[in-house]
1. Can you find a residue in segment 6-13 that is touching a helix residue (DSSP H, G or I) at 6+ places or on another chain (Cβ under 7 Å) and open to solvent by 10 Å² or more (accessible area, probe 1.4 Å)?
2. I'd like to check something: does segment 132-149 contain any residue that is modelled with pLDDT under 95, open to solvent by 50 Å² or more (accessible area, probe 1.4 Å) and within 14 Å of the ligand (Cβ to nearest atom)?
3. Picking from LEU248, LEU255, which residue would you name as being open to solvent by 10 Å² or more (accessible area, probe 1.4 Å), in a helix (DSSP H, G or I) and among the aliphatic types (A, V, I, L, M)?
4. Mind listing whichever residues of segment 150-174 are within 12 Å of the ligand (Cβ to nearest atom) and at pLDDT 95 or above?
5. Can you give me the number of residues within segment 176-203 that are of a type in the set (S, T, N, Q) and touching a helix residue (DSSP H, G or I) at 6+ places or on another chain (Cβ under 9 Å)?
6. Mind listing just one residue for me: the one in segment 33-43 that is open to solvent by 10 Å² or more (accessible area, probe 1.4 Å) and touching a Pro at 6+ places or on another chain (Cβ under 8 Å) and, of those, nearest to PHE223 (Cα to Cα)?
7. From the list ALA305, ALA276, which one is open to solvent by 10 Å² or more (accessible area, probe 1.4 Å), small (Gly, Ala, Ser), away from the ligand (no atom under 16 Å from the Cβ) and not assigned by TED's automatic domain parsing to the domain that holds GLY116?
8. I'm trying to understand the selection: among the residues of segment 54-85, which are part of a helix (DSSP H, G or I) and either in contact (Cβ under 8 Å) with a residue 40 or more places away in the chain or not charged (D, E, K, R) (or both)?
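The values are calculated or read from the model by the stated rules, or taken from the named source; none is laboratory data. Remember, predicted model here, so these are calculated numbers, not experimental data. Please note: Cβ atoms are built from the backbone with ideal geometry, for glycine as well, and neighbour counts cover all protein chains shown. The protein model used for the area step is the full one, side chains on, heavy atoms only, and it has no ligands, DNA or RNA in it. Shrake-Rupley method; radii C 1.70, N 1.55, O 1.52, S 1.80 Å.
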Amino acid sequence: MSNSQHDPPDQKRRAWGSAPAKLILFGEHAVVYDQPAIAVPMPSLKARAVAVTGRRGGGVILHAETIGRHYLMDAVGESEPLAFTCRNVLRWLGIERQPDVDLHLMSDIPIASGLGSGAATAAAIARALARWLGYEFSPAQLSALVYRTEQLHHGTPSGIDNTVVAFEQPIWFRRHAPLETLPIGARLCLVVADSGESSPTRITVGEVRRQWQREPAQYEALFAAVGDVVQRARAALAAGDGATLGALMNENQQLLEAMGVSAPTNERLAEVARRAGALGAKLSGGGRGGNNVALVARGDAERVAEALRQAGARQLFVTEVG
Ligand code: PMV
């Protein structure tokens, strides 16, 4: 922590914070209805923030460097997520007088595409601001704080994104249940393909809710079937059984299609990945575009990524878990 009372008075204090992207391997959407889900951090993609002592009387100034936006925390309304997060940090720490601090945010995580960019940017900026103020959030505190920002983005988030980005570990997540970190029996190699079509999670989550209200029995059966896939995936993960995990990803994808959250692009990219040798593939996150994930044997990652690139995937990330 660089926020030391012993810093020379003329030296600007600096404090950093970062948080990884996240990937849902199993259980998106059904998790909103209290089914379990499995998610992992992607440490190769990060949001980073640095807090630097600002001009006297300048207040909190936000610099979203990746999109070239610079603004005063007080100049934007309650629905601007970064300013909202900073206000919550100050409230949480009981700080009434606004500090003079510049917060610079940089992020490699594609926006609105199912990789938890909203949660990671909020977590990075909250960590940096709190550290600059001399306070270290525990992962549980940070997760609770970022959950409030997630509510702005999603309306009724399950809490999975804020949990993974704050704890930075593979998790077994179930709403209203204690968090469990997951043992993984063998390293998993994942190819993540950004379809280039982005649809806000709030929209797909809202549509699933309306469908569930219209046809509760059918949707509850789908959620329960996803829950069953997630339970089986947990055992396959612990055993390091890639073939079973791949088959379970395909099964989860079919259930997401039945829920109406998969776009033709998700289905096409999943099929391309399987044909190129992936053990299984599905959409990941909110769906209707966004990201797909494919499980591959290590030696096949390049071939699967190339096939997906040729099929039109906008960005590709290869990541290992476990
Ligand atoms: O779009 P993402 O990656 O933020 O994932 C959302 C996951 C959902 O299950 C669809 C919603 C939620 O709040 O869990």
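1. Yes: segment 6-13 contains one or more residues that are touching a helix residue (DSSP H, G or I) at 6+ places or on another chain (Cβ under 7 Å) and open to solvent by 10 Å² or more (accessible area, probe 1.4 Å).
2. No, because not a single residue in segment 132-149 is modelled with pLDDT under 95, open to solvent by 50 Å² or more (accessible area, probe 1.4 Å) and within 14 Å of the ligand (Cβ to nearest atom).
3. LEU255
4. Once the filter is applied, which keeps residues that are within 12 Å of the ligand (Cβ to nearest atom) and at pLDDT 95 or above, segment 150-174 yields ASN162, THR163, VAL164, VAL165, PHE173, ARG174.
5. Residues flagged as of a type in the set (S, T, N, Q) and touching a helix residue (DSSP H, G or I) at 6+ places or on another chain (Cβ under 9 Å) within segment 176-203 amount to 3.
6. Taking the candidates together, the pick is PRO41.
7. One residue alone meets the criteria, ALA276.
8. GLU65, THR66, ILE67, MET73, ALA75, PRO81, LEU82, ALA83, PHE84, THR85
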